[in-house]
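Reviewing the structure listed below.
Where a number appears in this text, it was derived from the coordinates with a stated rule and is not lab data. In this text, all values refer to a predicted model and were calculated from it rather than measured experimentally. Neighbour counts are summed over all protein chains in view; Cβ atoms, including those assigned to glycine, are modelled from backbone coordinates with ideal geometry.
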Amino acid sequence: MKITGIQEASLPIGSAMRNASIAFDQMTASALAIRTDQTRDGQPLVGLAFDSIGRYAKGGLLRERFIPRLLAAPARDLLDEAGLIDPMRCVAILMRGEKQGGHGERSGAVGLLDAALWDLRAKQMGLPLWQCLGPSPGGAAPSAHIATYASCGHFTDNPDPQALRDEVAQCLALGYTSVKIKLSGRQAALDAQRLRSALDAGLNPGQLAVDLNGQWDKHCTDALAVLAEYPLAWVEEPAAPLDYAALTAFCQIHPGPVATGENLFSADDATNLLRYGGLRPALDRLQMDISLSYGVDEYHRMIEHALALGWTRQAFWPHAGHLFAAHVVAAWGLGSHESAPDASRLYGGFWDGVPVIQGHITLPRYPGVGFEHKANLMAVLQPLC
Ligand SMILES: [Mg+2]
């Protein structure tokens with residue numbers, strides 16, 4: 001099999017919503033297709049990928065450095081002994097000439113290519129991706145039935161508290177049992193009002209998580225007191241992503257679960273988080289993003305290292321909420337899958353017709369990731385194929 005071309009596009013995915021840190025109105029994402037000289041069941045064999053959300057598209061890095069590097073490699077160097085595309089060999093080629101550390105946004109460009117290579121490999125095998133990812137760190141059996149939670153409740157220009165309540169209620173109506181909303185981390189009165197609005201939708205506090213997007217610091221004692229009023233499911237990213245002293249301080253004060261890691265992009269950074277972040281393996285959650293962090297093999301290393309430090313694989317709740325991440329959760333028995341509940345968004349919902357039932361989904365058996373069965377996403381991927 002030969003790769004005959006790689007096409008990428010930067011897509012606008014912006015909308016008028018904000019978290020405590022950034023606005024999403026100018027947000028973009030990369031879509032990518034790896035074409036080959038092969039067909040399967042009469043269809044061209046193409047590997048597809050769509051970005052994680054929250055970092056911008058990576059077109060420059062892909063076009064100038066990583067796509068040419070992959071296309072220049074001899075075809076045989078990209079395959080395993082069985083003639084299947086080998087994402088780990090490909091990533092090693094992508095990383096030739098790249099210095100250690102300083103991961104920047106190259107980790108997302110490599111992660112996007114890694115995702116498309118895995119989609120391609122699974123399609124070669126005629127299997128859903130979750131059956132092709134290899135043994136779980138820790139030895140869990142793969143299962144198509146996974147937990148998921150809704151990530152919503154961004155800040156908007158609508159000041160009506162009822163709007164947040166309605167949004168959370170809609171998640172419950174869709175079948176989710178756990179919902180995450182955004183808080184400021186700094187304005188106690190605002191955060192108290194938003195917590196009340198979300199809980200008014202019919203949740204108990206143990207079903208509600210809150211995301212501070214790195215905006216809390218030790219001076220925000222009133223906001224911390226608001227959080228302490230409820231036994232929340234978890235508090236997400238209370239401190240700035242690389243401020244491990246601040247995260248440690250928060251963990252020492254806040255008795256409930258903490259989740260973080262979505263803005264770390266390498267196994268090196270994840271190691272530092274586990275060493276210096278003050279997290280508690282029996283209580284907290286790790287949210288490193290697979291496709292923003294060089295891809296599957298790097299993520300596997302993060303989990304293996306965490307297991308050696310006393311964590312469980314169920315503590316891994318990967319960030320992003322895209323279809324690719326759901327396969328990794330299923331393959332390796334991870335804790336839960338983040339989901340943007342609005343299926344009309346390119347990054348929202350699941351495969352068409354796959355429902356959320358009591359906070360779980362069952363992955364379909366389409367070969368690869370199954371992008372071909374989410375119509376709005378496929379509409380933007382098809383022109384690249
Ligand atoms: Mg978050």
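Here are a few things to note about the model shown:
- Charge tally in the Cβ shell below 14 Å around residue 28, where Lys, Arg are +1 and Asp, Glu are -1, residue 28 excluded: -1
- Part-to-part distance (alpha-carbon centres) for the range 203-240 and the range 275-312, which is given in Å: 21 Å
- Nonlocal amide H pairs with residue 36, under 5 Å, H built at 1.01 Å: 4, 45
- Normalised by 2.2 N^0.38 Å, where N is the number of residues, the alpha-carbon radius of gyration of the chain equals 0.96.
- In sequence order, calculated HN-Hα J values of the range 129-142 (Karplus, 6.51, -1.76, 1.60; Hz; x Gly/Pro): 4, 5, 8, 10, 8, x, x, 5, x, x, x, 6, 6, x
- Amide proton proximity set for residue 360, modelled H, under 5 Å, gap of 5+: 148
- Candidate cross-link partners of residue 218 among the lysines, defined by an alpha-carbon separation under 22 Å and a same-chain spacing of 8 or more, comprise 182.
- When the GluC sites (Glu not before Pro) in the range 225-263 are filtered for DSSP coil states and for at most 16 other beta-carbon atoms within 10 Å of their beta-carbon, the remaining sites are 229.
- Amide N proximity, the range 301-335 versus residue 84 label position 7 Å along Cα-to-Cβ, cut-off under 11 Å: none
- One Cα centroid belongs to the range 23-79, the other to the range 336-385; the line between them spans 18 Å.
- Across the range 364-374, rounded Karplus estimates of 3J(HN,Hα) from the backbone phi angles (6.51 cos²θ - 1.76 cosθ + 1.60, θ = phi - 60°) give x, 9, 5, x, x, 6, x, 4, 4, 10, 10 Hz, Gly and Pro being marked x.
- Close amide H partners of residue 369, meaning residues 5 or more places away or on another chain with modelled amide H under 5 Å apart, are 129.
- Over the range 30-79, the Kirkwood radius and the radius of gyration, each from Cα atoms, give a ratio Rg/Rh of 1.03.
- Here the chain is scanned for trypsin sites (Lys or Arg not before Pro) in DSSP loops (not H, G, I, E, B) that have at most 10 other Cβ atoms within 10 Å, and the longest stretch holding none of them is 100-385.
- Separation of the residue 18 and residue 380 label points, Cα + 7 Å toward Cβ, nm: 2.3 nm
- Karplus-based coupling profile of the range 262-273, in residue order and whole Hz: 5, 10, 10, 10, 7, 5, 4, 5, 5, 4, 4, 4, with θ = phi - 60° in 6.51 cos²θ - 1.76 cosθ + 1.60 and x standing for Gly or Pro.
- Net charge of neighbours whose Cβ lies under 9 Å from the Cβ of residue 114, counting Lys and Arg as +1 and Asp and Glu as -1: -2
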